[in-house]
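The values are calculated or read from the model by the stated rules, or taken from the named source; none is laboratory data. None of the values given here were measured: they were computed from a predicted structure. When we count neighbours, we look across all protein chains shown, and the Cβ atoms used for this are built from the backbone with ideal geometry, even at glycine.
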Amino acid sequence: MHMIWRTLWIFLTKRFFKKAELNDITEYTMRVLPTDLDLLFHVNNGIYFSLMDFGRWDMIFRNGVYDACMKRGWYSVVAGETIKFKKSLKLWDKFTLQTQLVSHDDKNIFIQQKFICRGELMATGLVRVRVLKRSGGTVKTEEIFKEINSNFEVKTTELGEEWQALESKYLV
């Protein structure tokens, strides 16, 4: 519930966002609020994942993926995510969340997100996103790229295979 105001704000202001290409790095600026803190008075580790949602929404609003998904009855879900922390964000820090599509496989899109504060890298996250059909099933990534008429150079890397291998090794 503590993210409701930020969520309402991004959805109300999305029509004013500058357009972006699928491979562009998008930037969304926020400020650390009291509800983002843990008992050590820095951003709680779980909050980073919630904040990353805003960067991904910003990106898909700008590059046309959101509109294409709404038109076709598709929606995206987070299939996995990981983060590495470098420095802490503290109360009232103004930070920029940089978001970029870095790779994909047949059914997953891999997005890298970086928290930048005062020119310093604070944390980096990697998110595996899958697009699903409301009628059931997974949307292939090539279908998504085709739907938005992207000039994105389709590059599949081993990232998907590596992620799946790691998950199968450690998750039961």
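Annotations for the structure displayed:
- Test for Glu147: is it surrounded by 15 or more Cβ atoms within 10 Å (Cβ to Cβ) and either in contact with a helix residue (DSSP H, G or I) (Cβ under 6 Å, 6 or more places away or on another chain) or at pLDDT 95 or above (or both): yes
- Residues (closer than 19 Å to Leu159 by Cβ and out of contact with any helix residue (DSSP H, G or I) (no Cβ under 7 Å at 6 or more places or on another chain)) located in the range 77-111: Val77, Val78, Ala79, Thr82, Lys84, Gln98, Gln100, Leu101, Val102
Listed here are the residues, each with its yes/no results for (1) in contact with a Gly (Cβ under 9 Å, 6 or more places away or on another chain); (2) more than 18 Å from Asp36 (Cα to Cα); (3) polar (S, T, N, Q).
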site: Gly80; (1), (2), (3): no, yes, no
site: Trp92; (1), (2), (3): no, no, no
site: Arg118; (1), (2), (3): no, yes, no
site: Thr124; (1), (2), (3): no, no, yes
site: Val127; (1), (2), (3): yes, yes, no
